[in-house]
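Read the figures in this text as sums done on the coordinates, not as results from a lab. What you see is a predicted model, and the numbers here were worked out from it, not measured in a lab. Note: ideal-geometry Cβ built from the backbone for every residue, glycine included; neighbour counts use all protein chains shown.
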């Protein structure tokens, strides 16, 4: 039995699906393995998952297409039959058109007593598990109507689905659903991790991703440079340890700017997260009406109004601007003062978040801050910054993140399912996080964590990457204890502290 690894130990390297398709043969040839043997291994890996996770499901439906995924499906169906499962197999498209290894796998299935059926309008009521091998990683255009009918029938059944390599209908380069896609409970992916399976809309249809290297993954990685990287919890080990004689000035002096009238909560979340992430000193500049609420919630922060902004800008080692800043005259004046200071003092790192992004989008290209800049937009803010639609951003999040880096000369943290961190050349995808984070204030917490790491001396890319990972893992930690629904931004704070100290 070939081992498969769980989502907690997925490879860090991410590749375009075209790279995997075009270069896998080189890795196979280097190891003197036949491509049909690779298909056998892929089918065995998926069947092993079925036998380990779904042995109680005695009637399996395998839905195959005409490509290599279809050949994998025939291998899985044969192995299941030989292990005592009842197997139904639907061939999407004419099975007489199968060729090469896929046709060879089909023939072995038939020789073992298997039967090939065409897709039906309804499912046998005895079916307990579905294996999806309809469409592979090569699809780029919209799913055709006949395939869409089968995909929708499978999704409507609400039966557990195991997807072969990728859920059918997913663009494995961008993470976009191409009209419709299988919603799998588990996706078993092969040889190398595909870029588009870990971010955006992909997160709603891949389910748990299991990886099967099929014995060629190490050689493939040696031969091919990745397009991006996937975070790993082990990266937290790069967090700095504290010297025994350190003091509060040793760990950063942070300035959080925002909190217009009625929006003190955003500044509180960012400031509290910054301090819980290890910042030594934290100062807040906010609207006068927000000062007392912040003082009462976080007495550890030094709170003042905008009259003290100039002094605090000269004092701090890192800045966060935009959390609850507002879009009226007060917010605009405060943002402009911060922008002018950073434009002159380019060495000071700054995180621009929330309403700060609105002011950034309106700013003059010649006066924008440059240097150690991190922006943290959600898809709506990214669309505003790029003057495009949210749909265009989500259609290719990798392209959008790089475009933001280029336009604003910054590091971009494009939030969402599978948050991206990009410096224009290198991209990291955060593997952690959950839907419970879709609540007000969690973005402010993220901005605070990143700013804290900047103030403690981490490089902007390192701070953005580690901050995003810590933030998402904290949400997973909280969800594991209490569930996703009802999670509040403030719930993340204790988990952030615990994660940083348990590295």
Per residue, the convex hull enclosing the Cα atoms of the stretch 336-380 spans a volume in Å³ of 69
The stretch 251-501: antiparallel bridges as % of DSSP beta bridges, rounded to 5, reads 20
Reduced to Cα centres, the span from the stretch 258-295 to the stretch 127-178 in Å works out to 46
Proxy exposure order for 482, 92, 47, 36 (fewest C-beta within 10 Å first) is 482, 36, 92, 47
For the stretch 7-226, percent of DSSP beta bridges that are antiparallel (nearest 5) comes out at 5
antiparallel share of DSSP beta bridges within the chain, to nearest 5, in %, is 15
Computed over all unlike Cα pairs, the Kirkwood hydrodynamic radius of the stretch 1-151 in Å stands at 16.4
Checked the stretch 34-73 against the a/c 1.5 cut and the a/b vs b/c comparison, axes a ≥ b ≥ c from its Cα gyration tensor; verdict oblate
Row for the stretch 87-146, column shape: gyration tensor on C-alpha, a ≥ b ≥ c, rounded if a/c < 1.5 i.e. under 1.5, prolate if a/b over b/c, else oblate; value oblate
One would report the Cα pair-distance distribution of the stretch 109-193, bin width 5 Å, in %, as 3, 14, 23, 24, 18, 11, 5, 1
The helix 68-82 Cα axis meets the longest alpha-carbon principal axis of the chain at an angle in degrees, between 0 and 90 and rounded to 10, of 60
With the 8 Å Cα cutoff and a minimum separation of six or more residues, the chain has a relative contact order in percent of 13
Length-normalised contact order of the stretch 251-501, Cα under 8 Å, at least 6 apart, in percent, tallies to 20
Here the FRET efficiency for residue 56 versus residue 108, based on Cβ atoms and R0 = 30 Å and rounded to 0.05, is 0.65
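Which whole number in µm²/s is D for the stretch 314-418 by Stokes-Einstein, with the Kirkwood Rh taken over Cα pairs at 10 °C and 1.306 mPa s?
Result for D is 115 µm²/s.
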Checked the stretch 70-224 against the a/c 1.5 cut and the a/b vs b/c comparison, axes a ≥ b ≥ c from its Cα gyration tensor; verdict oblate
Taking only the alpha carbons of the stretch 265-310, the radius of gyration and the largest Cα-Cα distance, Dmax, both in angstrom, are 9.9, 28
Cα pairs beyond 22 Å in the stretch 251-501, in percent, come to 48
So, for the Cα atoms of the chain, Rg and Dmax in Å stand at 25.5, 83
Expected unfolding gain across residue 307-residue 124 under the 0.36 nm per residue rule, minus the alpha-carbon gap, is 58.7 nm
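Based only on other Cβ atoms within 10 Å, what is the fewest-to-most ordering of 358, 17, 83?
Fewest-to-most ranking of 358, 17, 83: 83, 358, 17.
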